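Since every read-out is calculated from the coordinates, none of them should be taken as a lab result. What you are looking at is a predicted structure, and each value in this text was computed from that prediction instead of being measured. Note that we place each Cβ from the backbone using ideal geometry, even for glycine, and neighbour counts take in every protein chain shown.
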Amino acid sequence: MSISSMNQFKAGRSYSVVLLLLLMVMAISLMACQPKEDSKVDSKAENNKLKDVVVSLDWVPNTNHTGLYVAQEKGYFKEQGLNVKIVQPSEDSASTLVANNRADFGIYFQPNMTSRLEKGVPITAVAAILQHNPAGLLSLKSLGAKSPKDLNGKRYSTWEDPIDDATVAHVVGDKLVKIPGEATDATVALRMNQFDYILAYYGWDGIHAKMQDVETNFFFLRDYEPIFDYYAPVIITNNKLLETNPELVKKTLAAMKKGYLYAAKNPEESADILVKYAPETNKELALASQKYISTQYLDDNGEWGKFDYNRWDRFYDWVYKQGLIEKPLPPQAGVTNDYL
Amino acid sequence: MTSNRKRPQVSRQVISLIKSHILVILILAIWQICVSMQFIPDYLLPSPLQIVEAFIEDFPLLMQHAKYTLVTAFIGTTIGLIISFVLSICMDLSKTVKELIYPIILLNQTIPTIAIAPLLIIWLGYGITPKVVLVILAVFFPITIALVDGYQSVSREHLNLFKSMKASKYQLYRHLKIPSAMGSFFTGLKVALSYALISAVIAEWLGGYYGLGVYMTRVRKSYDLDSMFAVIFLISFLTILLIGFVKWLERRMLRHNYL
């Protein structure tokens, strides 16, 4: 009995087990892949004539996106000959995805577009999802603020976006006491006294605070400075797509518009559709938020998506005058109503 | 005779099982009491029972998402294993290759996942590819290092013996180096697997259609802390399960070593 023969015995067995393990893992992976590939092929064959379109959300699905899911559920995209995929990107990456052709459309925000447009990123806003800016300052009622001015010198939770900070300073006053950080749950953070106020969206955080029976004040930015009735959120697309395939943009927007018009009229059913496509969403919050947001999709004439160029330009003028960008942006920079 | 010897062993096993879990049970009980008595408000920390409820309510959804995450982790680990084997043998065969590759592997390990994941998604799309790449990046380091160390732990006597018997390179690896490296390989594999799942989840945070990471971001934005904890526990449980499987495999394969 030499060492080598013992080793040989040992090695022979362990070697084959390793091989077996590898094969098993590969087989499992392949098996797991198989149905997916199949269904892909199937749906491709089925949607033979449909044009593939990728729409990137701004982040996780919420009531700003309901119209897209309604259009998907009701087949409005199919009517236009489109096979739309709605994807969830990482936070604040929709513009990069659209600029790099990883997505055909994206959900984005006018203030976030500023630096992108300044750098010449080829994106254009083609439809406004909400007609008025839903952003405002959220604070606990117990703080006793009657207007944003009363928040001057109080602790402000910031994610350190220069434009947002300048916006807040403009309505509050120059004494910004910054508490940097990402507040996952604004209501809880306020209750925990981590800061006194935060820039938030009424349609989600404001409604959530109400649902939690937490008494809060919400000051819409636009009520204190008309310049801040900028557009958030908006639908953006790549400039190249606008040039090469304007028909596709028009068709997609037509389907989206139909979805949002439906969601405006049927908040409850639409909230259900949103939750169907994103079942991880809190149902009560989705419904409460939808009931509010549905009133915000359309303008006074019952139209969806139209921009008021004056409001758009007014905000970028202000951004330039604040010294937040080096060169002024031209009129109607990165925005158009032409494809609605 | 055997049954007599087995019985105390079984009861001892049960006792040790309870012993090893009593702390966990105690912590859960205290946790539950603290939340129920409202020492800690449940909007800050949901109670274990709330988490279980959320888990049961979302079970089918969690399983659907878990499937995608596990597939990503499996494919990534498999490819990572293959790369590791090839790379480790190349590094063991040639000192130059080792000196060239080692710093790169080390550097790769220092890249924060969260920084490159968004780039991977821009380069490779939202499908499974960028996620698998991320898992490969995470797993191949511990496995490669473990294998290289394992090959080098072979004693000089064994090497000399193989040389004196004029063993070919293939035989050297097949019968000596790879078997000897198995012990450290499994240590590396256990570390790698614990990275694999969490890397897949992080990749999914950054975009995609399905996966436990996608579930996580969505319940977070819905402020459903109980679902958040449910998915965290599920990920921990799956990781423990995977590592348990590797341990079992290791025991089976390396049994002869303890003879």
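Quick notes
- Distance from region A:184-198 to region B:142-180 (C-alpha centre basis), Å: 60 Å
- Antiparallel DSSP beta bridges within the protein assembly as shown, percent to nearest 5: 60 percent
- Sum of -39500 (n - 2.57) over DSSP H runs of 4+, divided by residues of chain B (222 nm, nearest 500): -28000 deg cm²/dmol
- Cα-based reach from A:Lys250 at 15 Å (exclusive), listing aspartates and glutamates while leaving out same-chain residues under 8 positions away: A:Asp52, A:Glu79, A:Asp104, A:Asp338
- Within region A:262-340, the GluC sites (Glu not before Pro) that combine a DSSP coil assignment with at most 13 other C-beta atoms in a 10 angstrom radius are A:Glu303, A:Glu326.
- Across peptide A:190-197, the mean count of Cβ atoms from other chains lying within 10 Å of each residue's own Cβ comes to 1.
- Calculated FRET efficiency for the pair A:Ser142/A:Asp174, C-beta based, R₀ 22 Å, to 0.05: 0.30
- Taking 0.890 mPa s as the viscosity and 25 °C as the temperature, the Stokes-Einstein diffusion coefficient of region B:46-258 based on its alpha-carbon Kirkwood radius rounds to 130 µm²/s.
- Under the Debye formula (equal points on every Cα, no solvent term), log10 I(q)/I(0) of region A:135-228 at q = 0.10, 0.15, 0.18, 0.23 Å⁻¹: -0.21, -0.49, -0.72, -1.25
- Lysines with Cα under 23 Å of B:Lys19, excluding same-chain neighbours fewer than 8 positions away: B:Lys6, B:Lys247
- Among the listed pairs A:Lys85/A:Lys276; A:Lys149/B:Lys221; B:Lys98/B:Lys169, those beyond 19 Å (Cα-Cα): A:Lys149/B:Lys221
- Cross-link partners for B:Lys190 among the aspartates and glutamates, with Cα-Cα distance under 17 Å and sequence neighbours closer than 8 places in the same chain left out: B:Asp149, B:Glu250.
- Globularity index of chain A is 1.24 (Cα radius of gyration / 2.2 N^0.38 Å, N = number of residues).
- Residue mean of other protein chain beta carbons inside 10 Å, A:83-93: 5
- For A:Ile123, residues with placed amide H under 5 Å, excluding near neighbours: A:Asn239
- Divide the volume of the convex hull around the Cα atoms of region B:197-259 by the residue count and you get 78 Å³ per residue.
- Sorted peptide list for B:70-78, A:90-98, A:154-162, criterion being average Cβ within 10 angstrom, highest first: B:70-78, A:90-98, A:154-162
- With Cα atoms, 0 to 90° folded angle of helix B:95-110 axis to chain B main axis: 10 degrees
- Taking trypsin sites (Lys or Arg not before Pro) across region A:286-332, the ones in a DSSP loop with at most 15 further Cβ atoms lying within 10 angstrom of their Cβ are A:Lys306.
- Against chain A, whose longest principal axis is taken from its Cα atoms, helix A:309-321 shows a tilt of about 90°.
- The protein assembly as shown has equivalent-ellipsoid semi-axes of 52, 30, 24 Å, by the square roots of 5 times the alpha carbon gyration tensor eigenvalues, sorted largest first.
- Net charge of Cβ neighbours under 11 Å - reference A:Asp104; Lys, Arg +1; Asp, Glu -1: +3
- Cβ crowding within 10 Å, taken as a proxy for footprinting-reagent exposure, orders A:Met256, B:Met91 from fewest neighbours to most as B:Met91, A:Met256.
- Greater than 23 Å apart at Cα, pairs in A:Lys119/A:Lys240; A:Lys51/A:Lys265; B:Lys95/B:Lys177: A:Lys51/A:Lys265
- Helix A:246-265 and the long axis of chain A differ in direction by around 70°, with both axes built from C-alpha atoms.
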